[in-house]
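S.K.: Before anything else, here's the structure in question.
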Amino acid sequence: MEYREGERRERGKKIRMNQVWVPLSNVSPYLIKAVLIAEDDNFWRHEGFDYEAIQKAIEKDIKTMKFKFGGSTISQQLARNLYLSPAKNPLRKIREAIITWRMEKVLSKRRILELYLNVVEWGDGIFGVEAASRYYFGKPSSELIPQEAARLAAVLPNPRRYNPAGDQRYVLTRSNDIYLIMIQRGIVVPEYEELKEDSEPFLTEGPSSSPTKEGRTPSYE
């Protein structure tokens, strides 16, 4: 937040930072699941670093000759969001790794996830899931339905470019992928007729469409 405020000051612009703290227990389990699917599917199992994801990211960087330093876990992202800048360079990655290692030693996974969901950027001046939920969908994060959760999770790689409530093709495609994984894992149990229908209506109707009826509420893990 301080980094973004500094950027604005340099450009002579003002922006009100929007953040509302919320405990993890008040966040929709659908949102938690969607974020883990999108950003760090091995979160509960790794100790801060997903070496397989890092290896794949490095291989992709070498292949494309675009060194983006991808494969970051939620723990790594939290370390960056709390203590470092968004700048991508080897020195920052080393500092990020040290902070991540330390956080994983002293904080529980639930606390790391709670901190992440409350400080992660979700748009220009929008930080944390509660502010994002209210801004984009006009409701507290506890009331997010699966489709809305999938949309919010989909934009995390570039929240200042993509609008979770919009109709950008990337948002529609990525959120639909996340939503279908939620169905496959039993996180969301649609009506039988909905399972038979093509998923294209979800892509075109957007967040204002009628919510899917869920058969049960998932746990956090």
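S.K.: Please determine, by comparing only the residues of region 39-61 that are over 10 Å from Ile74 (Cβ atoms) and crowded, with 17+ Cβ neighbours inside 10 Å, which one is modelled with the highest pLDDT.
M.R.: Phe49
S.K.: Any residue in region 136-155 that's farther than 20 Å from Asp41 by Cβ: show its pairings with residues that are of a type in the set (Lys, Arg) and buried (at least 24 other Cβ atoms within 10 Å of the Cβ) at Cβ separation under 9 Å, as long as the two are six or more apart or on different chains.
M.R.: From region 136-155, the pairs are Tyr136/Arg151; Phe137/Arg151.
S.K.: Tell me, please, whether a residue that is acidic (Asp, Glu), more than 17 Å from Leu36 (Cβ to Cβ) and modelled with pLDDT of 75 or more can be found in region 211-219.
M.R.: No - not one qualifying residue is present in region 211-219.
S.K.: When only residues in region 95-124 that are more than 16 Å from the chain's Cα centre (by Cα) and not in a helix (DSSP H, G or I) count, which is surrounded by the fewest Cβ atoms within 10 Å (Cβ to Cβ)?
M.R.: Step by step, filter region 95-124, then rank; the result is Ser108.
S.K.: Okay, next question. Any idea which of (1) assigned to a loop (DSSP other than H, G, I, E, B); (2) crowded, with 24+ Cβ neighbours inside 10 Å is the one Glu148 doesn't satisfy?
M.R.: Failed condition: (1).
The values are calculated or read from the model by the stated rules, or taken from the named source; none is laboratory data. Keep in mind that this is a model prediction, so the values were computed, not measured. All Cβ positions, glycine included, derive from the backbone under ideal geometry; neighbour counts span all protein chains shown.
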